[in-house]
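Read the figures in this text as sums done on the coordinates, not as results from a lab. The model shown is predicted, which means the values in this text are computed figures rather than measured ones. Every residue, glycine among them, receives a Cβ derived from its backbone with ideal geometry; neighbour counts consider all protein chains shown.
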Amino acid sequence: MKIIKQLLKIIFFSFTLFWFYSFTKCEYLTWKHESEFLIPKEVSSMIDGMSSKKVLEYANYNAIVYYVSSEKSSGDTIYFILVDGKWIISNWETVWSKTGSADGFIWPYIR
């Protein structure tokens, strides 16, 4: 029984550490690169304004940005690529929506 408790503590600690690293990375990337990404015209009517924005991944030529719409009605992941010094949309995915059209999960968990 003592071994199981120790194992559960290690698993819980590992998960907490992994979540903290993911969350910290997301906050740092958002702080550093948030101003580079505007809501693309292609999806601005669907997103209906922005409540928050988080940069999930950022590399030399691509990035993933997570937008939560105004009134927190949906969460959308937009994939960008860098072309001639400008970020353009390459893909867009609705992760979750209050209307029920999407019910996904985003890591780190941000809602």
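The length gained on full extension between Ala59 and Leu8, counted as 0.36 nm times the residue separation minus their Cα-Cα distance, comes to 14.8 nm. Close amide H contacts of Trp92 (hydrogens built in the peptide plane, cut-off under 5 Å, sequence separation of 5 or more or a different chain): Tyr79.
In a DSSP loop and with at most 11 other Cβ atoms within 10 Å, the chymotrypsin sites (Phe, Trp or Tyr not before Pro) in segment 59-100 are Tyr61.
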